[in-house]
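Below you'll find the structure, written out as C-alpha coordinates, and then a few comments.
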Amino acid sequence: MSAHERTTARVTTHEAVEQWLAGRRPEPPAALRARLREVLSSGAVGRDAFLRAGESLLARLLDEDCATRGSALDLLVADALVTYAFEAAADEPASLEARAEAAMLEIAALGEPAAPALRLAVGGRRPE
(Lines give C-alpha, C1' and ligand atoms only; values in the text may rest on other atoms or scores of the structure.)
Protein backbone atom coordinates (compact mmCIF):
# COMPACT_ATOMS: atom_id res chain seq x y z
CA MET A 1 0.00 0.00 0.00
CA SER A 2 1.41 3.41 -0.98
CA ALA A 3 1.80 6.31 1.45
CA HIS A 4 -1.10 8.01 -0.31
CA GLU A 5 -3.35 4.99 0.18
CA ARG A 6 -2.37 4.73 3.86
CA THR A 7 -3.08 8.43 4.48
CA THR A 8 -6.37 8.28 2.61
CA ALA A 9 -7.35 5.12 4.46
CA ARG A 10 -6.57 6.78 7.75
CA VAL A 11 -9.02 9.62 7.26
CA THR A 12 -11.99 8.11 5.43
CA THR A 13 -14.10 6.97 8.40
CA HIS A 14 -14.96 8.74 11.64
CA GLU A 15 -13.07 6.07 13.61
CA ALA A 16 -10.06 6.58 11.35
CA VAL A 17 -10.25 10.34 11.86
CA GLU A 18 -10.16 9.78 15.62
CA GLN A 19 -7.10 7.54 15.26
CA TRP A 20 -5.44 9.98 12.86
CA LEU A 21 -6.00 12.87 15.28
CA ALA A 22 -4.62 10.77 18.14
CA GLY A 23 -1.42 10.35 16.13
CA ARG A 24 -0.75 14.08 15.77
CA ARG A 25 2.37 15.34 17.48
CA PRO A 26 2.32 17.42 19.45
CA GLU A 27 -1.04 16.15 20.63
CA PRO A 28 -3.65 18.92 20.69
CA PRO A 29 -4.81 20.11 24.12
CA ALA A 30 -7.89 18.29 25.45
CA ALA A 31 -10.36 21.14 24.82
CA LEU A 32 -9.15 21.59 21.25
CA ARG A 33 -9.29 17.87 20.56
CA ALA A 34 -12.80 17.59 21.98
CA ARG A 35 -14.02 20.47 19.80
CA LEU A 36 -12.31 18.96 16.75
CA ARG A 37 -14.23 15.75 17.40
CA GLU A 38 -17.51 17.68 17.63
CA VAL A 39 -16.92 19.57 14.40
CA LEU A 40 -15.77 16.50 12.47
CA SER A 41 -18.43 14.14 13.83
CA SER A 42 -21.23 15.85 11.94
CA GLY A 43 -19.89 15.66 8.40
CA ALA A 44 -17.84 13.88 5.80
CA VAL A 45 -14.32 12.68 6.43
CA GLY A 46 -11.13 12.77 4.41
CA ARG A 47 -8.41 15.26 3.56
CA ASP A 48 -10.80 17.65 1.87
CA ALA A 49 -13.31 17.27 4.71
CA PHE A 50 -10.80 18.81 7.14
CA LEU A 51 -10.48 21.84 4.88
CA ARG A 52 -14.22 22.12 4.24
CA ALA A 53 -14.98 21.81 7.97
CA GLY A 54 -12.45 24.56 8.75
CA GLU A 55 -13.91 26.83 6.08
CA SER A 56 -17.45 26.16 7.27
CA LEU A 57 -16.56 26.90 10.88
CA LEU A 58 -14.75 30.09 9.88
CA ALA A 59 -17.72 31.22 7.76
CA ARG A 60 -20.03 30.73 10.74
CA LEU A 61 -17.67 32.62 13.04
CA LEU A 62 -17.43 35.53 10.61
CA ASP A 63 -21.21 35.68 10.35
CA GLU A 64 -21.49 35.70 14.15
CA ASP A 65 -18.76 38.32 14.80
CA CYS A 66 -15.84 36.26 16.01
CA ALA A 67 -14.22 39.13 17.93
CA THR A 68 -15.10 37.74 21.36
CA ARG A 69 -13.18 35.54 23.77
CA GLY A 70 -15.91 32.95 23.39
CA SER A 71 -14.83 32.43 19.78
CA ALA A 72 -11.19 31.71 20.59
CA LEU A 73 -11.51 27.93 20.73
CA ASP A 74 -13.43 27.74 17.45
CA LEU A 75 -10.86 30.00 15.76
CA LEU A 76 -8.13 27.62 16.94
CA VAL A 77 -10.17 24.65 15.69
CA ALA A 78 -10.61 26.25 12.25
CA ASP A 79 -6.85 26.85 12.10
CA ALA A 80 -6.11 23.27 13.20
CA LEU A 81 -8.51 21.84 10.61
CA VAL A 82 -6.79 23.69 7.77
CA THR A 83 -3.38 22.62 9.10
CA TYR A 84 -4.52 18.99 9.36
CA ALA A 85 -5.95 19.12 5.84
CA PHE A 86 -2.48 19.90 4.53
CA GLU A 87 -0.78 17.37 6.80
CA ALA A 88 -3.15 14.69 5.48
CA ALA A 89 -2.48 15.76 1.88
CA ALA A 90 1.30 16.05 2.26
CA ASP A 91 1.87 12.70 0.58
CA GLU A 92 0.85 14.31 -2.73
CA PRO A 93 3.48 17.06 -3.00
CA ALA A 94 2.73 17.69 -6.68
CA SER A 95 -0.78 18.90 -5.79
CA LEU A 96 0.08 20.93 -2.69
CA GLU A 97 0.73 24.22 -4.47
CA ALA A 98 -2.61 24.14 -6.33
CA ARG A 99 -4.42 22.94 -3.19
CA ALA A 100 -2.86 25.74 -1.12
CA GLU A 101 -3.70 28.41 -3.69
CA ALA A 102 -7.33 27.26 -3.95
CA ALA A 103 -7.69 27.09 -0.17
CA MET A 104 -6.13 30.54 0.27
CA LEU A 105 -8.56 32.07 -2.21
CA GLU A 106 -11.59 30.34 -0.69
CA ILE A 107 -10.67 31.29 2.86
CA ALA A 108 -9.83 34.89 1.92
CA ALA A 109 -13.19 35.24 0.16
CA LEU A 110 -14.97 34.35 3.39
CA GLY A 111 -13.87 37.66 4.90
CA GLU A 112 -15.15 39.79 2.05
CA PRO A 113 -18.38 41.64 2.87
CA ALA A 114 -19.85 40.82 -0.54
CA ALA A 115 -19.39 37.07 -0.10
CA PRO A 116 -22.73 35.86 1.36
CA ALA A 117 -23.30 33.49 -1.56
CA LEU A 118 -19.89 31.92 -0.96
CA ARG A 119 -20.60 31.70 2.75
CA LEU A 120 -23.83 29.93 1.94
CA ALA A 121 -22.02 27.48 -0.32
CA VAL A 122 -19.22 26.81 2.18
CA GLY A 123 -20.86 27.39 5.53
CA GLY A 124 -24.45 26.47 4.83
CA ARG A 125 -25.94 29.75 6.05
CA ARG A 126 -28.46 31.81 4.13
CA PRO A 127 -27.38 35.33 3.10
CA GLU A 128 -29.21 38.11 4.91
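The values are calculated or read from the model by the stated rules, or taken from the named source; none is laboratory data. Predicted, not measured: the structure shown is a model, and the values here were computed from it. Ideal geometry is used to build each Cβ from the backbone, glycine not excepted, and the neighbour counts take in all protein chains shown.
Among the residues of segment 86-109, are any aliphatic (A, V, I, L, M) and closer than 20 Å to Glu38 by Cβ? Looking for residues that are aliphatic (A, V, I, L, M) and closer than 20 Å to Glu38 by Cβ, one finds at least one in segment 86-109, hence yes. Scanning segment 29-48 for residues that are among the aliphatic types (A, V, I, L, M), free of Cβ contacts under 8 Å to residues at least 40 places away in the same chain and surrounded by fewer than 19 Cβ atoms within 10 Å (Cβ to Cβ), we see that the one that is nearest to Ala109 (Cα to Cα) is Ala44. Tallying residues that are of a type in the set (D, E, K, R) and farther than 23 Å from Pro28 by Cα within segment 74-113 yields 6. Across segment 1-25, the qualifying residues are those that are modelled with pLDDT of 80 or more and among the small types (Gly, Ala, Ser), and the one among them that is farthest from Leu96 (Cα to Cα) is Ala22.
Only helices (runs of 4 or more DSSP H) whose full extent lies in segment 26-128 are considered here, and the ones with at least 2 residues that are modelled with pLDDT of 85 or more are 30-41, 47-63, 72-88, 93-110.
Has segment 57-77 got at least one residue that is β-branched (Val, Ile, Thr) and surrounded by 14 or more Cβ atoms within 10 Å (Cβ to Cβ)? Yes; the residues of segment 57-77 include at least one that is β-branched (Val, Ile, Thr) and surrounded by 14 or more Cβ atoms within 10 Å (Cβ to Cβ).
The test for being without any contact (Cβ under 8 Å) to a residue 12 or more places away in the chain and either surrounded by 12 or more Cβ atoms within 10 Å (Cβ to Cβ) or more than 24 Å from Gly111 (Cα to Cα) (or both) holds for Glu15.
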